[in-house]
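**Student:** Here it is, the structure, as C-alpha cells.
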Amino acid sequence: MPSNAHFYQPQQGHGLPHNPFKAIIGPRPIGWISSQDETGQLNLAPYSFFNAFADTPPIIGFSSSGYKDSVRNIERTGEFCWQLATRPLAEAMNQSAASVAPEVDEFNLAGLTPSTSKVVAVPHVGEAQVVFECRLSQTLRLRSAAGEEIDNWLVLGEVVGVHIDPTLLVDGIYQTAAARPILRGGGPADYFEAAEAQRFQMQRPG
C-alpha cells in the first residue's frame, strides 16, 4: 500500500465525491425480489446487497436499507422469489426500483408478466431466464460493532424451487455468461455485464 493511500474512517466521512464502499465491494449480483402481502398485492424490487450464503440447503439473502415493502411482505407471508437480472431486462429491473406507494404493482409498472410459481404462492417474473422460489429462513436486523441496531434488515431464504431456461444449459452445465447477468458497480449509475470474453479458469490447489 503506498504511503499516500487515501484513508478514512467511515463514521467521519470519506471525503470523496461518491462513497467508494459500494464500488469496492463490486460488482455485486442483484437481488431482484418479488413478494406479495396477505391480500395478494404484488411487489417487485431490486437490491444490490445480495448473495448466496449456503449450498446445502441453498440459502440466498438480501439486505434492505430500511424496513421496506419487500421485508414486510416476506416476514408476513414467509415466501419470495429471486429472478436473475440480465442485460435484456436491465431497464425493466431499473424501473422496478422506483419509489412508489405500496399499492403500486411494479410488475405492471415495469411491463413485466407475473407468472405462477410451482412451490410458493408468490409469482415470479415470467420474462426471467432463472428464478429461485424461496421460503423465509431468517430475518435479522443488523447491528453496529457497538451493538446498536441500525435501519438495515437482512432477509435469508431457502431456495425450494429453481427455474432455468434450457438454452442456458450445455451438456447439463449452466452457462453463466450466456444469460448476460448484470451486476451493480460503483458510482451512482454503474453496472457491468458478465461476458464470455471475461472468463478465465483456475483449478483449486490439491
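**Student:** Just to verify a result, which residue in segment 77-103, among those that are within 21 Å of Val155 (Cβ to Cβ) and over 16 Å from the mean Cα position of the chain (by Cα), is modelled with the lowest pLDDT?
**Tutor:** Within segment 77-103, the match that is modelled with the lowest pLDDT is Pro102.
**Student:** Return yes when Glu75 is outside any loop (DSSP other than H, G, I, E, B), among the acidic types (Asp, Glu) and free of Cβ contacts under 8 Å to residues at least 40 places away in the same chain and no when it is not. Break it down stepwise before answering.
**Tutor:** Values: outside any loop (DSSP other than H, G, I, E, B): yes; among the acidic types (Asp, Glu): yes; free of Cβ contacts under 8 Å to residues at least 40 places away in the same chain: no.
Judged against the criteria, Glu75 is not a match.
**Student:** Out of curiosity, is Asn4 in a helix (DSSP H, G or I), free of Cβ contacts under 8 Å to residues at least 12 places away in the same chain and over 21 Å from Leu142 (Cα atoms)?
**Tutor:** Details: in a helix (DSSP H, G or I): no; free of Cβ contacts under 8 Å to residues at least 12 places away in the same chain: yes; over 21 Å from Leu142 (Cα atoms): yes.
For Asn4, the condition - in a helix (DSSP H, G or I), free of Cβ contacts under 8 Å to residues at least 12 places away in the same chain and over 21 Å from Leu142 (Cα atoms) - is not met.
**Student:** I want to confirm something. Restricting to segment 163-176 and keeping residues that are outside any loop (DSSP other than H, G, I, E, B) and exposed (fewer than 13 other Cβ atoms within 10 Å of the Cβ), which single residue is farthest from the chain's Cα centre (by Cα)?
**Tutor:** In the first step, residues of segment 163-176 are kept if they are outside any loop (DSSP other than H, G, I, E, B); the result is 163-164, 166-170, 173-174.
Still in the list and also exposed (fewer than 13 other Cβ atoms within 10 Å of the Cβ): 166-167, 169-170, 173-174.
Values: Pro166: 22, Thr167: 23, Leu169: 22, Val170: 25, Ile173: 23, Tyr174: 19 Å.
Of everything passing the filter in segment 163-176, Val170 is farthest from the chain's Cα centre (by Cα).
**Student:** Please go through segment 81-109 and pick out each residue that is within 13 Å of Ile33 (Cα to Cα), hydrophobic (A, V, I, L, M, F, W, C) and assigned to a loop (DSSP other than H, G, I, E, B).
**Tutor:** Leu84, Ala85, Ala97
**Student:** Going by what's in this entry, would Gly157 be described as in contact (Cβ under 8 Å) with a residue 24 or more places away in the chain, out of contact with any helix residue (DSSP H, G or I) (no Cβ under 6 Å at 6 or more places or on another chain), within 30 Å of Glu38 (Cβ to Cβ) and not hydrophobic (A, V, I, L, M, F, W, C)?
**Tutor:** On the way: in contact (Cβ under 8 Å) with a residue 24 or more places away in the chain: yes; out of contact with any helix residue (DSSP H, G or I) (no Cβ under 6 Å at 6 or more places or on another chain): yes; within 30 Å of Glu38 (Cβ to Cβ): yes; not hydrophobic (A, V, I, L, M, F, W, C): yes.
So Gly157 passes the test.
**Student:** In segment 52-60, is there at least one residue being surrounded by fewer than 18 Cβ atoms within 10 Å (Cβ to Cβ), within 14 Å of the chain's Cα centre (by Cα) and assigned to a helix (DSSP H, G or I)? Step through it out loud before you land on a result.
**Tutor:** First pass over segment 52-60, keeping only residues surrounded by fewer than 18 Cβ atoms within 10 Å (Cβ to Cβ): 52-59.
Adding the requirement that they be within 14 Å of the chain's Cα centre (by Cα) leaves 52-53, 59.
Subsequent filtering for residues that are assigned to a helix (DSSP H, G or I) retains none.
The answer is no, given that none of the residues of segment 52-60 is surrounded by fewer than 18 Cβ atoms within 10 Å (Cβ to Cβ), within 14 Å of the chain's Cα centre (by Cα) and assigned to a helix (DSSP H, G or I).
**Student:** Among the residues of segment 177-200, are any outside any loop (DSSP other than H, G, I, E, B), over 19 Å from Ser48 (Cα atoms) and among the charged types (D, E, K, R)?
**Tutor:** yes
The values are calculated or read from the model by the stated rules, or taken from the named source; none is laboratory data. On a predicted model such as this, the values are computed, not experimentally measured, just so you know. Quick reminder, even Gly has a Cβ in these numbers, built from the backbone with ideal geometry, and neighbours come from all protein chains shown.
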